[in-house]
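> Got a structure for you, questions after.
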Amino acid sequence: MKHGLAAVLIIAFFVSALIPDPAAGSSAGKGLRGSLGMGYDDNIFREAGNIDSGWFLPYSFRFRQTYRFSPSDRLRPKIHASGRKYSGTNSRGDDARFGLSVSYTRRLVGTDLKHVRVPSLDLDLSGEALARQTTYYSRSSGEEVAVPGDNGPVSLSDRYDADSYQGAAALKFHWPRGWRWAISASAKRKDYRNDFTDVPSIDPLDYDNHKWIFRLERRLDKLTRLEGSYTYSATDYDAWTARDFDGNKVPGTSQQFRYKTFSGRLSRSFPQVAAIGLELYSRKRTDPFLGYYNYDEWGIRVDLSASVGERLDASLRLRYSHRDYERARVGFNLLKALRNDYDRLLVVDVNYALKPGRTLFAHLVHDNIDEQNPLYTYDRTRSSLGLRLEF
């Protein structure tokens, strides 16, 4: 974790050095936001049998500054951190993220970025460096996994600590009136800090990912919007071993995945009262080697939000997804059933404004994971209350 945070801080230093002083002719705006609360998790390690629960401290911090060099461009550097700190013996379930991101937007066709012009063409460039520290536990035992190594047992408690780096570019075109077209491309590199290369049974998880997105949006009227998108994503692992049709590892061949996703969304707003959105999507994953990990997925998402007066607002998000695998079997066992996954997610947020910049919040997340493998079937609810400050 130390090396990852050091890298992010070094990048932040150089980026801040390159950003012009607002007094030198550009206009600037700052935004500082932080939150702190108390929460309860009824299934910390997502276990099917040995369920462990406990209290945690949710926290987040974000500092963002906006530089406007002219009416047609802006630069936004941001530093952010978030995580959950668990109490007592469950502290090994902590999760922490720290990152730096920078985005630059320039209007290539049109004038002021503050207004939607028809026609207008915007260019977005962004980059992010993120360090994450988390913990992996055995779902079957609820304890840290340790495997034999050259110099004794090797703990996997830090298995998923990682640094990631991502860059993206997007073009957004408004024309004709009521239409918006967008195309974007991104590249991501994720490096795990504990690859356990001295343990033959453990595959490194480092990978590269490339993604292309085409999005079309049509405003049907002032309150109703229709959106459609197509996403192609390619993930290439450095050394995660591929498998054949029987689920056996094939040494010398690294795992690859390709994803194709189609989605459609219809949303309508009722100013100062409520908003509703409905999204349907279909995703197909292919394994270019032999297709062992191929699956078809479809899902539905519903978003609801409402406001009561000027102080109270609430939102609810429901998501259901189903994955049907073509060849992958439970536990890589030919005598067991094919994997068939049903996932459900419920997210509820309630905010009450005490005064400008001071907000009480309540947050609830419920996961219902139903998979063919009983070890991966579980329910989990995380709820928290806290205070959010904005300056």
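The values are calculated or read from the model by the stated rules, or taken from the named source; none is laboratory data. Since this is a predicted model, take the numbers as computed values, not measurements. Cβ coordinates were reconstructed from backbone atoms using ideal geometry, including for glycine residues, and neighbour counts include every protein chain displayed. Surface areas here come from the heavy atoms of the whole protein model, side chains and all, with no ligands, DNA or RNA. Shrake-Rupley method; radii C 1.70, N 1.55, O 1.52, S 1.80 Å.
> Identify the residue in the stretch 222-246 that is at pLDDT 95 or above and acidic (D, E) and, among all such residues, is nearest to L205 (Cα to Cα).
Among residues in the stretch 222-246 that are at pLDDT 95 or above and acidic (D, E), the one nearest to L205 (Cα to Cα) is D238.
> Something else about it: Across the stretch 332-349, what is the number of residues that are over 30 Å from S305 (Cα atoms) and surrounded by 15 or more Cβ atoms within 10 Å (Cβ to Cβ)? I'd like the intermediate steps shown before the answer.
Pass one, the stretch 332-349, residues over 30 Å from S305 (Cα atoms): 332-340.
With the extra rule that they be surrounded by 15 or more Cβ atoms within 10 Å (Cβ to Cβ), the set shrinks to 339-340.
Within the stretch 332-349, residues that are over 30 Å from S305 (Cα atoms) and surrounded by 15 or more Cβ atoms within 10 Å (Cβ to Cβ) number 2.
> May I pose another question? Mind checking which residues of the stretch 216-243 are surrounded by 14 or more Cβ atoms within 10 Å (Cβ to Cβ) and either charged (D, E, K, R) or in contact with a helix residue (DSSP H, G or I) (Cβ under 9 Å, 6 or more places away or on another chain) (or both)?
E217, R219, R225, E227, D236, D238, R243
> Might you let me know whether the stretch 191-203 holds any residue that is open to solvent by less than 70 Å² (accessible area, probe 1.4 Å), at pLDDT 95 or above and farther than 26 Å from R180 by Cβ?
We begin by selecting, within the stretch 191-203, every residue open to solvent by less than 70 Å² (accessible area, probe 1.4 Å); these are 191-196, 198-199, 202-203.
Within this subset, residues satisfying the condition of being at pLDDT 95 or above are 191.
Still in the running and farther than 26 Å from R180 by Cβ: 191.
Among the residues of the stretch 191-203, at least one is open to solvent by less than 70 Å² (accessible area, probe 1.4 Å), at pLDDT 95 or above and farther than 26 Å from R180 by Cβ, which makes the answer yes.
> How many of the residues in the stretch 249-270 are open to solvent by 80 Å² or more (accessible area, probe 1.4 Å) and either farther than 21 Å from D208 by Cα or touching a Ser or Thr at 6+ places or on another chain (Cβ under 7 Å) (or both)? Reasoning before the result, please.
Filtering the stretch 249-270 for residues open to solvent by 80 Å² or more (accessible area, probe 1.4 Å) gives 249, 251-252, 260, 262, 266, 268, 270.
Adding the requirement that they be either farther than 21 Å from D208 by Cα or touching a Ser or Thr at 6+ places or on another chain (Cβ under 7 Å) (or both) leaves 249, 251, 262, 266, 268, 270.
Result for the stretch 249-270: 6.
> When you go through (1) surrounded by fewer than 17 Cβ atoms within 10 Å (Cβ to Cβ); (2) assigned to a strand (DSSP E or B); (3) not aromatic (F, W, Y) one by one for G277, which number turns out not to apply?
Looking at each condition in turn, G277 falls short on (1).
> Please find, among Y376, Y352, the residue that is open to solvent by 70 Å² or more (accessible area, probe 1.4 Å), farther than 30 Å from K249 by Cα and out of contact with any Gly (no Cβ under 6 Å at 6 or more places or on another chain). Before the answer, list the steps.
Numbers: Y376 fails: farther than 30 Å from K249 by Cα.
On inspection, the qualifying residue turns out to be Y352.
> Restricting attention to the stretch 221-233, does a residue exist that is without any contact (Cβ under 8 Å) to a residue 40 or more places away in the chain, under 30 Å from F332 (Cβ atoms), in a strand (DSSP E or B) and not polar (S, T, N, Q)? First the steps, then the outcome.
So the first thing to find is which residues in the stretch 221-233 are without any contact (Cβ under 8 Å) to a residue 40 or more places away in the chain, and the list is 221-222, 228-233.
The next check asks that each one be under 30 Å from F332 (Cβ atoms); those that pass are 231-233.
Subsequent filtering for residues that are in a strand (DSSP E or B) retains 231-233.
Subset that is not polar (S, T, N, Q): 232.
There is at least one residue in the stretch 221-233 that is without any contact (Cβ under 8 Å) to a residue 40 or more places away in the chain, under 30 Å from F332 (Cβ atoms), in a strand (DSSP E or B) and not polar (S, T, N, Q).
> Go through the stretch 146-195 and report how many residues are more than 30 Å from E217 (Cα to Cα) and of a type in the set (S, T, Y).
If we filter the stretch 146-195 for residues that are more than 30 Å from E217 (Cα to Cα), which is where we start, we get 146-164, 190-195.
Okay, now just the ones that are also of a type in the set (S, T, Y), so 155, 157, 160, 164, 192.
Within the stretch 146-195, residues that are more than 30 Å from E217 (Cα to Cα) and of a type in the set (S, T, Y) number 5.
> Which one of these does G309 not meet: (1) surrounded by fewer than 14 Cβ atoms within 10 Å (Cβ to Cβ); (2) small (G, A, S); (3) modelled with pLDDT of 95 or more?
(3)
> In addition: Restricting attention to the stretch 51-80, report how many residues are touching a helix residue (DSSP H, G or I) at 6+ places or on another chain (Cβ under 7 Å), open to solvent by less than 30 Å² (accessible area, probe 1.4 Å) and at pLDDT 95 or above.
Matching residues across the stretch 51-80 total 1.
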